[in-house]
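Worksheet: one structure, shown below.
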Amino acid sequence: MQSRLSDAMDRLPARRALQATAAAAMLAALAACSSSGGAPTTVNQQTTTVTTQSYTGPPPQNADIQAFQVNLWQNVIATNRCGGCHHQGGQSPMFARSDDVNQAYQAALPLVNLTNPSQSTLVLKVGGGHNCWVADPSACAATMLVWIQNWIGAGASSTTAVVLTAPPVQAAGGGKQFPADPTVGNPSYQSTVYPLLTRFCSGCHNPSSASPQQPYFADPNNIDAAYVAAQPKIDLAQPNLSRFYERLATEFHHCWPTASSNGAPDCPGSSAAMLTQITAFANGIAVTPIDPTLVVSNAVSLTQGTIASSGSRFQGSMIAQYMFETGQGSTAYDTSGVTPEADLTLSGNVSWVGGWGLMFGAGSSAQASTSASAKLGTMIQASGEYSIEAWVAPNNVAQTNAWIVSYSGSNTTRNMTLGQAADQYDGMTRSSVTDTNGMPALVTTTTNGAAQAALQHVVLTYDPVNGQKIYVNGVFTGDVDPSKGGSFANWDSSFALVLGNETSGQRQWQGVIKMVTIYNTALTPAQITQNFNAGVGQKYYLLFGVSSLTGVNQSYVMFTASQYDSYTYLFYNPTFISLDPNATIASSIPVVGLRIGVNGTLAPAAQSYATLNTSITSAGYNATTGQQLSRLGTVIPVSLGPANDLFFLSFDQLGSSTHTFVDPPGIPTPPVPNNTPVPDYGVATFERVNLTFSRLTGVPITDPVVQALYLSSQQAMPATPLVSAFTSSAQTAISGLANSYCGELMASASLRDAFFGTGLDASLSASASGFFGASGSPQRAIVINGLTNAVGTTAAPQMASAVGTEVDALITRVPQINSAATVTQATVAACTASLASGAVTLQ
């Protein structure tokens with residue numbers, strides 16, 4: 001692997017030379033792709049079937065062309081991908097020609113950025129919607145990036161890297177924001193740009209056309225959707241930089257006839273008309289004012305940052321990956337680059353969440369087809385190893401038999417499954433040393449519970465020696481697979497990959513999944529830690545330009561930022577850095593009172609850096625990593641959305657520039673507090689009740705009798721620990737669950753003997769009145785002592801004594817109520833009363 005990377009690095013200078021000489025020709029060729037109104041374009045087809053023909057042309061001339069053929073060329077030559085247009089004799093550049101891979105290689109070189117593959121023309125084009133072969137351009141871009149990385153050598157190192165890219169220079173405030181409503185403005189979008197697009201572009205960029213092509217900014221039937229799709233292609237600050245204008249003016253894309261062109265396509269006239277309407281629309285939007293006395297950085301939006309979500313991630317040997325970037329629709333795309341893509345179809349109560357993720361509710365799942373899922377079985381059987389990596393946030397720590405990621409066929413047959421068992425995680429793998437259900441399972445035994453109702457990085461690995469291992473937040477739980485390792489010769493390739501459930505729909509998991517990656521190797525502890533540290537979700541490095549304030553060339557204050565959820569952004573790790581590797585800090589640069597602004601105004605709250613007081617120094621600054629300014633983080637509310645919210649930084653002092661910040665008017669004095677006494681005690685919530693009953697009786701929460709009752713009655717039990725919220729229905733539900741646990745306790749000889757001893761075994765069906773006798777009898781003591789010990793005679797002796805008294809009285813009353821009551825019935829009644837009492841449920 002290392003030699004492959006070295007070879008790739010050795011090839012870089014030659015590649016760069018070829019790229020430099022071919023750049024101008026490539027641009028001209030792209031522009032020529034559409035003359036006389038534009039050449040035909042391929043139709044977006046949502047399919048995972050790739051149809052290619054056997055290659056019979058000249059063999060690759062060197063190792064690099066061979067790498068290109070294997071990793072990129074064979075993936076794009078399909079007629080329903082790039083090969084539909086960029087084939088021999090088709091549109092230039094002909095990088096997807098199937099007659100000569102060597103010529104295809106030469107055509108592809110200028111389209112690849114070797115130092116920053118994510119900025120490759122091929123990635124940017126499909127990411128912008130150009131001939132994307134699925135419904136989501138971001139999925140095409142992510143997949144294309146994987147293919148390019150594998151070709152140029154990044155795939156050989158199996159680790160993606162982040163290259164910081166300077167954002168466009170734009171002033172803080174004084175900017176323009178897209179109105180929320182396309183019909184608002186003077187003039188509005190509806191009366192300027194939209195009519196041109198619907199008239200001349202709806203033949204392709206319209207979901208109802210004969211040849212629909214994303215993005216659908218020319219949809220004549222849905223202006224709101226068209227408006228959202230059009231915004232990334234309009235520059236309000238500099239209309240002449242808008243993609244709508246550039247496509248016509250410099251790339252001659254689908255120009256239309258004008259009054260003076262005698263029916264021929266008129267690109268100068270078309271582009272001028274488009275620029276006029278974009279300019280009119282932009283001029284009708286008021287500038288966002290900003291306090292001119294502030295000391296501010298340049299401005300940047302979230303999506304103008306450098307994508308950091310996959311930065312420094314180990315991705316070697318991945319065979320399926322789901323980043324959930326689409327944000328809408330019924331499909332979650334596999335962007336691993338390994339065909340066939342095992343895209344997931346969403347069904348039931350599953351919804352997209354902001355910051356890239358899926359939320360699974362009751363009755364939901366995301367499932368791939370069995371044919372596409374078969375690649376998992378084929379590739380994992382070949383290696384004998386696998387890893388399931390997932391970022392998950394469980395809704396609660398009470399759900400059991402809840403499958404997070406499963407490659408299986410039914411409730412009782414599977415190849416591999418990562419699931420949740422209350423406050424623990426479990427793994428089940430079919431092998432030569434387990435049954436077809438992957439049993440016995442590996443269940444974590446962390447004292448405080450490995451599973452938490454918070455975002456966690458969970459990895460299940462398998463190798464033929466150790467079997468399964470589970471890692472949570474980068475740390476091995478220490479649990480040993482009871483079966484150790486085996487072979488996968490008995491795996492079933494007819495199973496399907498499913499997230500959030502079982503294929504039967506009867507193993508529901510509820511919560512949020514932010515990312516899933518499946519590998520056909522067992523990740524090492526170092527690789528798992530690396531991926532945990534890389535994080536997950538829609539995360540960017542935001543570079544706020546401050547060169548004019550610091551005097552340091554190409555200098556920025558960099559924040560790591562993400563859309564934390566649908567309503568907020570998370571900002572953290574502010575760092576001073578220069579993109580000039582030769583930049584130096586000549587003298588100390590003070591940084592005092594940093595605040596975050598959005599859309600022309602300082603955020604009214606969450607200014608965690610307002611008290612910052614530090615200095616940038618030559619000793620503290622590192623040319624590679626910069627200098628961290630604070631370890632704090634903060635959350636900023638979403639205003640106009642990730643594409644339109646424009647952020648800037650304000651400083652009380654940066655370098656020699658100062659501003660005296662005046663706090664806004666204080667918050668009004670709150671009303672006189674409510675002095676109503678608050679109880680010192682609360683009540684156990686539903687999941688605590690369930691776990692407590694299980695631990696006291698020894699009956700597992702997965703017991704089918706108690707689990708069925710718990711799932712049907714948990715909503716009637718306390719959801720909050722407030723005594724004031726405790727109702728009679730909550731007590732009824734708790735008593736019913738306690739009765740179920742006590743019944744299962746008495747039905748199991750081993751559990752019953754562990755709890756009460758063996759004194760009841762011979763008389764379970766005997767008359768309760770005859771067996772227990774009067775108060776103080778040894779038979780009564782068997783039950784009383786067992787239940788008071790469960791309550792805790794040491795921690796709460798008075799409570800245990802009270803429970804003993806009440807149990808004694810209850811044993812007397814049961815035969816009076818029902819003369820035929822047996823020892824089992826009376827014991828279950830006493831047990832139920834004890835477990836459902838305040839001695840257990842108060843906290």
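The values are calculated or read from the model by the stated rules, or taken from the named source; none is laboratory data. Source: prediction; values computed, not measured. Backbone-built Cβ (ideal geometry, glycine too); neighbour counts: all protein chains shown. Each accessible area value is taken on the protein alone, full model and side chains, heavy atoms only, with ligands, DNA and RNA left out. Shrake-Rupley method; radii C 1.70, N 1.55, O 1.52, S 1.80 Å.
Would you kindly calculate the translational diffusion coefficient of the chain, applying Stokes-Einstein with the Kirkwood radius from alpha carbon pairs, for 4 °C and a viscosity of 1.567 mPa s, and quote it in µm² s⁻¹ without decimals?
It diffuses with D of about 42 µm²/s by this estimate.
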Query raised in the report: What are the residues whose amide H is under 5 Å from the amide H of VAL638, where those residues sit 5 or more places off or on another chain and H is modelled from the backbone?
Result: THR568, TYR569
Query raised in the report: With Cβ to Cβ distances under 12 Å as the rule, what net charge do the other residues near THR429 carry (K, R +1; D, E -1)?
Result: -1
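May I ask you to give the percent of accessible area on the range 222-359 that is carbon plus sulfur, with a probe radius of 1.4 Å? Kindly include the intermediate steps, with their values, before the conclusion.
Values: 2980 of 5450 Å².
So the carbon and sulfur contribution to the accessible surface is 55 percent.
Per-residue counts of other Cβ atoms within 10 Å, averaged by peptide: what ranking do you get for 104-116, 226-238, 332-344, highest first?
Values: 104-116: 20.3, 226-238: 18.7, 332-344: 24.2.
With the highest mean Cβ count within 10 Å placed first, the list reads 332-344, 104-116, 226-238.
If the chain between THR293 and GLN231 were fully stretched, how many nm would it gain, using 0.36 nm times the residue separation less the Cα-Cα distance? It would help to have the intermediate numbers written out before the result.
Details: separation 62, 0.36 × 62 = 22.32 nm, distance 3.12 nm.
Stretched fully, the THR293-GLN231 segment lengthens by 19.2 nm.
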Report summary line: The percentage of Cα-Cα pairs in the range 206-299 separated by more than 17 Å is 63 percent
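Would you mind calculating the gained length between GLN106 and SER432 on full extension (0.36 nm times residue separation, minus the Cα-Cα distance), in nm to one decimal? Mind dumping the intermediate values first?
Working: separation 326, 0.36 × 326 = 117.36 nm, distance 4.92 nm.
Contour length minus Cα-Cα distance gives 112.4 nm.
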Query raised in the report: Of the accessible area of the range 719-774, with the probe set at 1.4 angstrom, what percent is carbon plus sulfur?
Result: 59 percent
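Apply 1/(1 + (r/R0)^6) to the Cβ-Cβ distance of VAL662 and VAL475, taking R0 = 41 Å, and write down the FRET efficiency to the nearest 0.05. Can you show the working numbers first?
Working: r = 47 Å, r/R0 = 1.15.
Taking R0 as 41 Å, the efficiency between VAL662 and VAL475 is 0.30.
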Query - Length gained when the stretch SER330-LEU164 is fully extended (0.36 nm per residue, less Cα-Cα span) - result: 56.4 nm
Report summary line: In the structure shown, of LYS125/LYS469; LYS233/LYS539; LYS484/LYS539; LYS176/LYS514, the pairs separated by more than 30 angstrom at the C-alpha atoms are LYS125/LYS469; LYS484/LYS539; LYS176/LYS514
Report summary line: Pseudo-spin-label distance ALA643 to SER494, built 7 Å along Cα→Cβ, given in nm, is 4.5 nm
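If R0 is 56 Å, what FRET efficiency do you get for SER487 and ALA171 from their C-beta distance, rounded to 0.05? Working shown, then result.
On the way: r = 64 Å, r/R0 = 1.14.
According to the calculation, E is roughly 0.30.
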**Report entry** Contact order relative to length of the chain, as percent, for alpha carbon pairs under 8 angstrom and 6 or more apart
**Finding:** 9 percent
Requested in this report: Tell me the label-point distance for the pair SER312, THR758, using the 7 Å Cα-to-Cβ offset, in nm and rounded to one decimal.
Outcome: 6.1 nm
Query raised in the report: Using the Cβ atoms and a cut-off under 10 Å, what net charge is assigned to the surroundings of PRO464, where Lys and Arg are +1 and Asp and Glu are -1?
Result: -1
Report task. May I ask for the angle, rounded to the nearest 10°, between helix 525-534 and the longest principal axis of the chain, with both axes built from Cα atoms and the value confined to 0 to 90°? Result -> 70 degrees
Query raised in the report: Roughly how many whole Å is it from the C-alpha centroid of the range 565-636 to that of the range 713-744?
Result: 50 Å
Query - For the range 480-485, Karplus couplings with θ = phi - 60° (6.51, -1.76, 1.60), whole Hz, Gly/Pro x - result: 9, 4, x, 9, 6, x
Query raised in the report: Along the Cα-to-Cβ line of ASN411, 7 Å from the Cα, sits a label point; which residues in the range 688-703 have backbone N less than 19 Å from it?
Result: 700-703
Requested in this report: Would you mind computing, in nm to one decimal, how far apart the modelled labels at LEU241 and SER724 are, each placed 7 Å from Cα along Cα→Cβ?
Outcome: 5.5 nm
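Rounded to the nearest 500 deg cm²/dmol, what is the calculated helix-only ellipticity per residue at 222 nm for the chain, with -39500 (n - 2.57) per DSSP H run of length n ≥ 4? Please list the in-between numbers first.
Values: 22 runs with 246 residues, N = 843.
The helix-only estimate for the chain comes to -9000 deg cm²/dmol at 222 nm.
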Requested in this report: Note down the net charge around ILE234, summing +1 for each Lys or Arg and -1 for each Asp or Glu among other residues with Cβ under 14 Å from its Cβ.
Outcome: +2
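At R0 = 56 Å, how high is the FRET efficiency between THR702 and THR250 if r is their beta carbon distance? Nearest 0.05 is fine.
Values: r = 65 Å, r/R0 = 1.16.
That pair, THR702 with THR250, gives E of 0.30.
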